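What follows is a short report on a single structure.
The values are calculated or read from the model by the stated rules, or taken from the named source; none is laboratory data. Note that the structure is a prediction, hence the values are computed from the model and not measured. Here the Cβ positions follow ideal geometry from the backbone for every residue, glycine too, while neighbour counts run over all protein chains shown. Heavy atoms of the whole protein, side chains included, go into the accessibility calculation; ligands, DNA and RNA do not. Shrake-Rupley method; radii C 1.70, N 1.55, O 1.52, S 1.80 Å.
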Amino acid sequence: TGGSITSQVSASTDYGFSIATYSTTGSAGTIGHGLTNQTPKFIITKQTNGTTGWYCYHASLGATKNIRLDSNAAAGTASSIWNDAAPTTSLFSVGNGFGNGEDYVAYIWSEVSGYSKFSSYTGTGSAGLKVTTGFKPRWILIKKSNGSADWLILDTERGTDLGAGLYPNQSYAEASYDYANLLDDGFTLNT
């Protein structure tokens with residue numbers, strides 16, 4: 001009940017992750033996320049009783065922008081999604097773009113040193129760009145924000161390196177390609 005919209009939350013501050021469910025009112029509001037004293041860096045929301053897509057907040061884009069997990073489109077600008085308000089250590093905001101009585105689930109992450117990192121980088125157009133996380137990553141989600149491109153998931157569970165890609169916004173089969181190499185403190189991009 002910490003926000004203007006009541007939420008049901010399961011949270012782990014140790015892992016910087018929470019899941020919240022809530023119903024929107026048709027007006028802008030705030031929702032408690034359960035990550036006490038941690039500011040969310042990445043949020044994914046999805047309507048569970050309708051067809052509204054997967055809206056994502058990323059700290060590097062800011063609260064004026066949103067990007068959709070179910071689309072290859074560039075980040076868009078709309079105050080009706082995050083109400084142009086960055087998350088706080090107790091709440092995140094939604095704008096008036098969600099109808100009255102729409103049910104949502106939100107997956108919410110904050111950074112935990114040595115465990116998770118949410119950042120951005122600028123591509124160079126050539127192989128060898130290093131992205132530093134501060135630890136050896138096991139799961140990576142990448143999306144071009146300033147243009148059209150598919151999302152890309154890389155992980156170490158399906159192989160010893162980061163060569164098998166999944167595209168969450170597409171129905172493609174797993175793609176084998178030499179996407180990236182793991183490092184003890186991040187990864188390098190090969191393409």
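Among the residues making up segment 1-12, those that are over 11 Å from I108 (Cα atoms) and not hydrophobic (A, V, I, L, M, F, W, C) are T1, G2, G3, S4, T6, S7, Q8.
Open to solvent by 30 Å² or more (accessible area, probe 1.4 Å), touching a residue at least 40 places away in the same chain (Cβ under 8 Å), basic (K, R) and not in a strand (DSSP E or B): which single residue out of K144, K130 fits that description?
Going through K144, K130 in turn, the sole match is K144.
At least 2 residues that are of a type in the set (A, V, I, L, M) and out of contact with any helix residue (DSSP H, G or I) (no Cβ under 9 Å at 6 or more places or on another chain) in each: list the strands (runs of 3 or more DSSP E) lying fully within segment 149-191 that qualify. Talk me through it step by step, then tell me what you get.
Details: elements: 152-155, 162-165, 175-183, 186-189.
Counting at least 2 such residues, we get 152-155, 162-165, 175-183.
Which of the residues belonging to segment 44-55 are under 21 Å from H33 (Cβ atoms) and without any contact (Cβ under 8 Å) to a residue 24 or more places away in the chain? Within segment 44-55, G53, W54 meet the criteria.
Could you identify the single residue in T36, T64 that is at pLDDT below 95, open to solvent by 60 Å² or more (accessible area, probe 1.4 Å) and either touching a Ser or Thr at 6+ places or on another chain (Cβ under 8 Å) or hydrophobic (A, V, I, L, M, F, W, C) (or both)?
Details: T64 fails: at pLDDT below 95.
T36 is the lone residue from the list that is at pLDDT below 95, open to solvent by 60 Å² or more (accessible area, probe 1.4 Å) and either touching a Ser or Thr at 6+ places or on another chain (Cβ under 8 Å) or hydrophobic (A, V, I, L, M, F, W, C) (or both).
Just so you know, in segment 110-127 the residues that are in a loop (DSSP other than H, G, I, E, B) and of a type in the set (A, V, I, L, M, F, W, C) include one that is modelled with the lowest pLDDT, and it is A127. Scanning segment 103-124 for residues that are over 15 Å from the mean Cα position of the chain (by Cα) and within 17 Å of G32 (Cα to Cα) yields D103, Y104.
Would you confirm, using the coordinates I've provided, whether Y172 is over 29 Å from T36 (Cα atoms), of a type in the set (F, W, Y) and either modelled with pLDDT of 95 or more or more than 19 Å from the chain's Cα centre (by Cα) (or both)? Considered against the rule, which asks whether it is over 29 Å from T36 (Cα atoms), of a type in the set (F, W, Y) and either modelled with pLDDT of 95 or more or more than 19 Å from the chain's Cα centre (by Cα) (or both), Y172 comes out as yes.
The number of residues in segment 1-35 that are over 16 Å from T48 (Cβ atoms) and touching a Gly at 6+ places or on another chain (Cβ under 6 Å) comes to 9. The residues of segment 147-187 that are among the hydroxyl-bearing types (S, T, Y), touching a Gly at 6+ places or on another chain (Cβ under 7 Å) and either closer than 14 Å to N72 by Cβ or surrounded by 15 or more Cβ atoms within 10 Å (Cβ to Cβ) (or both) amount to a single one, Y179.
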